[in-house]
Amino acid sequence: MLKGPLAPHRSQARSGPLQGGPHEEAADPFVLGGETFTSRLVLGTGGLPSLEVLEEVVRASGTQLVTVALRRVEAAAGSSMMEVLSRCGVRLLPNTAGCQTAREAVLTAQLSREAFGTDWVKLEVIGDDRTLLPDAVELLDAAEQLVADGFTVLPYTTDDPILGRRLADAGCAAVMPLGSPIGSGLGIRNPHNIALLREQVSVPVVLDAGIGTASDAALAMELGCDAVLLASAVTRAREPVQMALAMRQAVEGGRLARGAGRIPRRWHAEASTSMAGLPDL
Amino acid sequence: MSIQVTVNGAPTDLTDGATVAVLVAARSGGHDRVAVALNGDVVPRSRWTATELSPGDRLEVLAPTAGG
C-alpha cells in the first residue's frame, strides 16, 4: 500500500484553542492589531437567512474575527445576533459600510466603539453605490483621523500598492485590498497588484472583497496575503456551512503552499521520472 | 409642553426636558448595545441622562446588525 508520500507528514495533535482546529495553526500565528489569531479567515456576517445558520457558518469556518455593522434600531438584527457571536467566542470587527465621506465614516466608527465596546474598525468609505469601490481620498483622510483617535484601523482599499503604502504609513494596523468589487464574486482581478502591495507594506495584508469560491481564497494566500476576509461567497452560497468549511481549508491550503514554495513556471515540460536507465525497446 | 425632534429620519414629539436616556428607553426596542448620535456627534452612554434635547435636534439611535 502506498502510504509514505500520501500520508500527512505533520502532526495532527491539537494545540492551542479549539477554534484553531486540527492543523497545528498555532505554530503559524496571525498577529493583527497586537492580537494573535490562529485562524486566517475573517468572516462577514451579512446575508445569512437565519441566526442558526450564522452560528453553524461561524463554527464551520473556524473564524475568530467577524465583521458586524450598525444600523437604525428599527432595522437592526438585535441582541440575539450578539448572543450568537458571543457564544461562538469570536472577536467583533465593526464596519463602516455605506459611508461615502470621511466625516460619516469617522462618526460611524465612534458610534461603533460605543455600541460594541471595541476600538477596532473595518474602515469602508465607498465612492458610489453601484461599484462600492473605495474612495481613496476620503479613505486616507478617515484613516488618519481614526488612527489619531486611537482606533485600530483596518481599511478596505483598492488594490493600488501605493495607496496601500500610504494607509500603512498613516498607522493602519493592516491593509485590506479588494480582489474585485464587493459581492461580485469575480475573484482576484489583478493578482500582480496584490503581490506588489504585499511587498510594499510591513503590516498584514488581508484580501477583502471579491472572493467567489475556494480557489480565490487559496490564491490570495498564495500571493502572500496574511488573511482573507469574505462574506457573500459563504453567506450567499447555496450551502453556506459547506462553503464556510471550504474557505477555511482553502485559506489553510494556500498558506501552506505559500510557505512550501511553488515550483517555477516553465514553457516546456520537465519530466519528473528520470531518463537515466530508460530501456531501449 | 412638547418639543419636536427628528429620530432616525422621522419627526418625533417628546416632552419638554426629555433627555437622550428617555429617548433611548422609548426607542431602543430591547437592544442593549445602542449608540446615539445627536446633530452629527456621538453622545457617550455616560452622558445620556445629562443630555437634554432641544427643538429641531436630529438624532440617530443605532444598534448592532449583521454586515460584511
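Numbers at a glance
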| item | result |
| --- | --- |
| Largest-first principal axis extents of the Cα set of the range A:143-281 (Å) | 77, 37, 21 |
| Chain A: most fluctuating residue of A:36, A:213, A:157 per GNM, C-alpha cutoff 10 Å | A:36 |
| Local electrostatic count, residue A:153, Cβ distance below 10 Å [Lys/Arg +1, Asp/Glu -1] | -2 |
| Distance histogram in 10 Å bins (all Cα pairs of the range A:137-215, percent per bin) | 21, 49, 25, 4 |
| Alpha carbon centroid spacing (whole Å) that separates the range A:104-154 from the range A:187-205 | 21 |
| FRET efficiency, 1/(1 + (r/R0)^6) with R0 25 Å, evaluated for residue A:239 and residue A:148 via beta carbons | 0.05 |
| Stokes-Einstein D (µm²/s) once Rh is taken as the Kirkwood radius of the range A:82-140 over alpha-carbon pairs, at 10 °C in 1.306 mPa s | 130 |
| Spin-label pair residue A:257/residue B:6, simplified geometry with 7 Å Cα→Cβ offset, distance in nm | 5.2 |
| Dipole magnitude of chain A, debye to nearest 20 (Cβ charges: Lys/Arg +1, Asp/Glu -1, about Cα centre) | 720 |
| Exercise: per-residue mean of other protein chain Cβ atoms within 10 Å, A:63-71 | 4 |
| Cα-based Rg of chain A normalised by 2.2 N^0.38 Å, two decimals | 1.09 |
| Zero-based 10 Å bins, Cα pair distances in the range A:17-151, whole percents | 11, 38, 35, 15, 1 |
| Karplus (6.51, -1.76, 1.60) ³J(HN,Hα), θ = phi - 60°, over the range A:228-239, in Hz, Gly and Pro reported as x | 10, 10, 8, 9, 4, 4, 8, 5, 9, 5, 4, 10 |
| Point-to-point label distance, residue A:36-residue A:202, nm (Cα→Cβ direction, 7 Å offset) | 2.0 |
| 5 Å-binned pair-distance histogram of the range A:177-223 (Cα, whole percent) | 5, 25, 35, 21, 9, 3 |
| Kirkwood hydrodynamic radius over Cα pairs of the range B:2-62, then Stokes diffusion coefficient at 4 °C and 1.567 mPa s, in µm²/s | 114 |
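Only the coordinates and a few stated rules stand behind these numbers; no lab work does. The structure displayed is predicted, hence computed values, not measured ones. Note that we place each Cβ from the backbone using ideal geometry, even for glycine, and neighbour counts take in every protein chain shown.
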